[in-house]
Amino acid sequence: MALVDLIRPEVVKVPLVSATKPEVIRELVECLRDAGQISDVETVYDALMKRESMGSTGLEQGIAVPHAKTTAVNALTVALGISPKGIEFQAIDGNPSKLFFMLLAPPDQSGPHIEALADIARITKSQAFCRTVIGSTSAGEVVELFGED
Amino acid sequence: MNGPIKKILVYVDGTEGSITAAQYAVVLSRATGADLNALYVVNTRALEDLLKARIFIKAEEEEYKRDLEADADRYLNHVRSLARKKGLAVEAVSVSGAVQVEIKKYVQANEIDLLIIGELSHVRSRRDEFYNEAERAMRSVSCSVLIVKDEDRVWELYDALP
C-alpha cells in the first residue's frame, strides 16, 4: 500500500500538545492506539525510543521521522503529527521539530518499510510542501494536501 | 518458440501482487514457450538515500540491507518453486541498486521481450514521490509491459496447468 493511502485523518494529530521528545512519541503512539492501529502502546513506544537512543531521527527544516521495526504491528503503520510551536528533538540543525512522520513496520516487511521511508525522504526535499503541511490546522487538511497536491 | 514473446522477465519485490505476477509469468511461459526470468532488486539506492537524509544510521542501513538480501533469497526461491511445480526452469537473479535502473539494465542486457509486474497500488496523490518503483520501471523500460490483475483468476490459471 502506498504511503499516501496510510495517511488518514484518524492517524494525523494537529496540533500536537507535547513539549518533549518522549511526550511527542507517546502522543503519536497513543494516536495510533486510538485509531485502532495498535494495542500494545508500551512495546511500540520502547521500540521507537530505543531507535532514538541510537541517534535522533530529527532532520533539518523542522522534520522528524521516528521509526522502528516492531512485532506490535502486522503491516506498515503511519502516524503524522504537527507541532506549530516546535519540539526539541535533537535535530541535525538544532532547530525544533514541527512535522513528525512516525513509521512502524513488522520485522519481516523491510521492503515496504524502506520504500515508505524513501517516499518520506523525497517529500522532505520539498521545503515548500513541508511548510504548507506544517501550516495545516486540521487532520483533514493534511490528508487533502497529501492526496491532492 | 516462434511467437512474439521469447523472453519474459517478472519483477518480484515480495508483495502479493508480484507473486501473482510470477504465477501469471509461469502460465504465459508455458503457453508461449518463452524463457522465464525473475528479478529481485535489493534497493540499495533507497538505503543510501535514507543514510544521506540521515533517516538511517549506518548500522540500520546494514541491518536493512541484510533483511532485503534475505528477502531476495526467500522470494526468488518461491518463484523457482512455482516454476518447478509446472515443469519450468527459471533464471532467478538478485541484483543491488536502484530498482528502475536495474530492471531497465536487465531488460536490455538479456533482450527481454516482455516485463511482467504486479498490480500497481491505487495512488490518490498526484505527487511524483508516490509513484512506486514498479511504476517507475514500467515507464522507463524499452520492452512491452504487462500488469497482472485479478489474483483469483491468475491462481485458477496457474492451478489448472498440468
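The values are calculated or read from the model by the stated rules, or taken from the named source; none is laboratory data. Note that the structure is predicted; figures quoted are calculated from it, not measured. Neighbour counts are summed over all protein chains in view; Cβ atoms, including those assigned to glycine, are modelled from backbone coordinates with ideal geometry.
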Filtered residues of region A:103-113 (kept if part of a helix (DSSP H, G or I), more than 7 Å from chain B (Cβ to nearest Cβ) and over 16 Å from B:L51 (Cβ atoms)):
A:P112
Is there any pair linking a residue in region A:129-149 that is at the interface with another protein chain (Cβ under 9 Å from one of its Cβ atoms) to one that is in a loop (DSSP other than H, G, I, E, B), with Cβ under 6 Å and at least six apart or on different chains, and which?
A:F146/A:I7; A:F146/B:S125; A:G147/B:R124; A:G147/B:S125; A:D149/B:R127
Can you tell me how many residues within region A:14-23 are surrounded by 18 or more Cβ atoms within 10 Å (Cβ to Cβ) and either within 14 Å of chain B (Cβ to nearest Cβ) or among the aliphatic types (A, V, I, L, M) (or both)?
2
Taking the residues in region B:82-100 that are of a type in the set (V, I, T) and modelled with pLDDT of 95 or more as candidates, determine which candidate is farthest from B:L68 (Cα to Cα).
B:V90
Return yes or no: is A:A116 away from every other protein chain (no Cβ under 12 Å) and either more than 30 Å from B:G17 (Cα to Cα) or touching a residue at least 40 places away in the same chain (Cβ under 8 Å) (or both)?
no
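Condition check ((1) out of contact with any strand residue (DSSP E or B) (no Cβ under 6 Å at 6 or more places or on another chain); (2) closer than 21 Å to A:F89 by Cβ; (3) surrounded by fewer than 19 Cβ atoms within 10 Å (Cβ to Cβ); (4) away from chain B (no Cβ under 13 Å)) across all residues:
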site	(1), (2), (3), (4)
A:V12	no, yes, no, yes
A:I25	yes, yes, no, yes
A:I38	yes, no, no, yes
A:Y45	yes, yes, no, yes
A:E60	yes, yes, yes, no
A:N74	yes, no, yes, yes
Residues being touching a residue at least 40 places away in the same chain (Cβ under 8 Å) and out of contact with any Cys (no Cβ under 9 Å at 6 or more places or on another chain) - total across region A:98-111:
3
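Please go through region A:114-149 and pick out each residue that is in a loop (DSSP other than H, G, I, E, B), at pLDDT 90 or above and among the polar types (S, T, N, Q).
Across region A:114-149, the qualifying residues are A:S136, A:T137, A:S138.
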